[in-house]
Amino acid sequence: MEDGARDDGAMDVRTILHVDLDAFFAAVEQRDHPELRGKPVIVGGGGPNDRGVVSAASYEARAFGVHSAMPLRQAGRLCPHGVFLPVDGAKYQAVSVEVMAILRRFTPLVEPISIDEAFLDVTGSRILFGDGETIGRRIKEAVQADVGLTASVGVARTKLVAKIASDLRKPDGLVVVPPGEEAAFLAPLAITRLWGVGAKSAAALREYGVQTIGDLAALPEDLLVRRFGKHGASLGDRARGMDADPVGDRDAAKSISHEHTFDVDTSDREVIERTILGMAEGVAGRLRDSGVKAATVTVKIRDSSFRTITRQRTLPQPTDLTEPIFRTAMELARPEVRGLRIRLLGVGASGLGERDQLALFAEDDPRRRRVVEAADAVRHRFGERAITRARLVGSRLPAPFEHDPMTAAEARAPRQPSEPDEEPAAVDPESWSDDAS
Ligand code: DCP
Ligand code: MG
């Protein structure tokens with residue numbers, strides 16, 4: 001069935017796919033270690049006695065109640081016979097690149113939204129490859145054949161509905177929502193599946209007897225607007241599956257951040273400084289990879305009592321280099337860490353703009369840029385850790401794993417409440433990945 005154009009007789013009915021790999025990190029490990037297939041595999045940190053959290057759990061491990069963002073120690077208690085493995089970020093990143101390349105065979109309109117998921121607008125590809133369902137099936141087959149992983153796919157007229165659909169029959173799912181059936185498809189599902197409905201909104205909606213997306217769709221719009229303001233109007237639309245957001249809309253992430261949880265809380269200034277340097281380096285590398293510069297640097301600090309603060313500052317000129325990010329992050333962090341035992345540190349960059357659009361700002365020394373670009377080329381070939389500043393060598397600090405705050409994965413993870421910022425932050429502190437919840 002042509003799942004576009006026809007029903008509405010309009011050529012502008014889009015066909016959007018959301019593709020999400022199943023148990024991504026754990027599935028890569030099971031692929032590479034056949035003896036682990038069928039076993040509960042838990043990827044994250046240094047094993048069941050580690051302070052960190054679970055990054056990924058195989059579906060076998062999920063049967064024991066283990067899930068992403070759960071403390072590893074809790075996972076160890078729930079699943080004592082689980083196979084615990086460290087995160088191999090460089091490997092997963094390389095697999096992610098392969099998968100995204102497969103998706104681009106089907107349409108140039110691919111919007112990666114995290115390491116293992118992307119939206120595709122295949123409206124213009126239907127004539128070549130078949131309807132949305134057929135393209136979804138072909139993508140699943142290609143990912144299995146070429147990369148050896150299973151993906152779940154949702155097909156719908158909007159990003160919102162495609163994403164909910166891909167999640168519904170995981171793992172190895174394919175869910176198609178024909179145009180016109182969005183509201184009926186969403187109606188029986190819990191409201192927490194809707195983007196932008198967090199625990200707080202869900203509790204507020206329950207006061208009105210709203211449990212399902214269908215209940216929400218049935219509420220009068222003026223009530224929603226009165227109760228939730230501007231957000232309320234779009235809430236009603238989204239409950240009916242309406243979402244005009246085009247694929248590829250956000251060509252760049254709104255912010256880039258790295259964070260690190262210490263195995264043991266620390267007040268060692270040298271360790272803190274080296275950690276911030278490592279993260280500044282990681283953030284700068286990702287800015288350069290994306291061809292953008294950042295105007296604002298943010299630090300996040302959580303102490304041993306779990307008090308969390310963020311501080312930010314706008315730079316005199318946007319940058320994609322380590323030094324200014326490191327220097328600014330240190331200036332922001334130094335007064336805040338004094339006398340405290342630190343549990344977690346984060347460095348973020350926001351206010352991103354295309355490098356070329358920012359040409360009116362003085363360019364950095366071109367020789368220095370060539371050196372940096374050469375280093376990036378090595379980093380891409382041999383992984384994040386290949387190039388490390390002399391300062392980091394021998395520190396035995398783990399390369400901070402990249403958590404992209406814009407990913408839906410992170411948005412789904414339960415969070416620790418943060419304290420409000422003193423300075424109004426352009427980076428929503430809630431959007432930081434939280435690996436300590
Ligand atoms: N991830 C992480 N920390 C989190 C959430 C996710 O490190 N709190 C990493 C590990 C995941 C990957 O990102 O494998 C993709 O995230 P998903 O939310 O898509 O989770 P999975 O792919 O593991 O499982 P699912 O089958 O539910 O998609
Ligand atoms: Mg996934």
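For (1) within 12 Å of ligand 1 (Cβ to nearest atom); (2) outside the structural domain of ASP289 (by TED's automatic domain parsing); (3) not basic (Lys, Arg), each residue gets a yes or a no:
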{"site": "ALA27", "(1), (2), (3)": "yes, yes, yes"}
{"site": "ARG37", "(1), (2), (3)": "no, yes, no"}
{"site": "ARG73", "(1), (2), (3)": "no, yes, no"}
{"site": "GLY76", "(1), (2), (3)": "no, yes, yes"}
Is it the case that the stretch 225-246 has a residue that's touching a strand residue (DSSP E or B) at 6+ places or on another chain (Cβ under 8 Å), modelled with pLDDT under 90 and polar (S, T, N, Q)? no
Would a scan of the stretch 362-369 turn up a residue that is of a type outside the set (Gly, Ala, Ser) and modelled with pLDDT of 70 or more? no
Enumerate the pairs (first residue in the stretch 17-46 and of a type in the set (S, T, N, Q); second residue anywhere and within 13 Å of ligand 1 (Cβ to nearest atom) and assigned to a loop (DSSP other than H, G, I, E, B)) with beta-carbon separation below 7 Å, excluding pairs fewer than 6 apart on the same chain, so at least 6 apart or on different chains. GLN30/SER58
Output for the stretch 136-159, where each listed residue is outside any loop (DSSP other than H, G, I, E, B), crowded, with 24+ Cβ neighbours inside 10 Å and away from ligand 2 (no atom under 15 Å from the Cβ): GLY136, VAL155, ALA156, LYS159
Can you run down the residue pairs with Cβ atoms below 8 Å, 6 or more apart or on separate chains, where the first is in the stretch 89-101 and at pLDDT below 90 and the partner is within 14 Å of ligand 2 (Cβ to nearest atom)? GLN93/ILE115
Does ARG227 satisfy the criteria of being in contact with a Phe, Trp or Tyr (Cβ under 9 Å, 6 or more places away or on another chain), touching a residue at least 40 places away in the same chain (Cβ under 8 Å) and part of a helix (DSSP H, G or I)? no
Could you run through the stretch 53-65 and say how many residues are farther than 18 Å from VAL28 by Cα and either surrounded by fewer than 21 Cβ atoms within 10 Å (Cβ to Cβ) or more than 10 Å from ligand 1 (Cβ to nearest atom) (or both)? 3
Could you tell me how many of the residues in the stretch 139-188 are without any contact (Cβ under 8 Å) to a residue 60 or more places away in the chain, closer than 18 Å to THR107 by Cα and in contact with a strand residue (DSSP E or B) (Cβ under 8 Å, 6 or more places away or on another chain)? 1
Residue list for the stretch 16-25, restricted to those being more than 7 Å from ligand 1 (Cβ to nearest atom) and surrounded by fewer than 23 Cβ atoms within 10 Å (Cβ to Cβ): none
For the stretch 180-208, give me each residue that is in contact with a Lys or Arg (Cβ under 8 Å, 6 or more places away or on another chain) and at pLDDT 95 or above. GLU182, ALA183, LEU186
So which residues in the stretch 196-210 are surrounded by fewer than 16 Cβ atoms within 10 Å (Cβ to Cβ) and either assigned to a loop (DSSP other than H, G, I, E, B) or in contact with a Gly (Cβ under 8 Å, 6 or more places away or on another chain) (or both)? GLY196, GLY198, GLU207, TYR208, GLY209
Name the single residue, out of those in the stretch 76-105 being in a helix (DSSP H, G or I) and touching a Pro at 6+ places or on another chain (Cβ under 7 Å), that is nearest to VAL143 (Cα to Cα). MET100
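Here is a yes/no grid of residues against (1) among the charged types (D, E, K, R); (2) outside any loop (DSSP other than H, G, I, E, B):
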site	(1), (2)
ALA295	no, yes
LYS300	yes, yes
SER305	no, no
THR310	no, yes
LEU315	no, yes
ARG327	yes, yes
PRO335	no, yes
SER350	no, yes
Of the residues in the stretch 1-46 that are assigned to a loop (DSSP other than H, G, I, E, B) and within 16 Å of ligand 2 (Cβ to nearest atom), the one that is modelled with the lowest pLDDT is GLY44
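The values are calculated or read from the model by the stated rules, or taken from the named source; none is laboratory data. Model, not experiment: these values are computed from the prediction. So basically every Cβ, Gly included, is an ideal-geometry build from the backbone, and we count neighbours across all protein chains shown.
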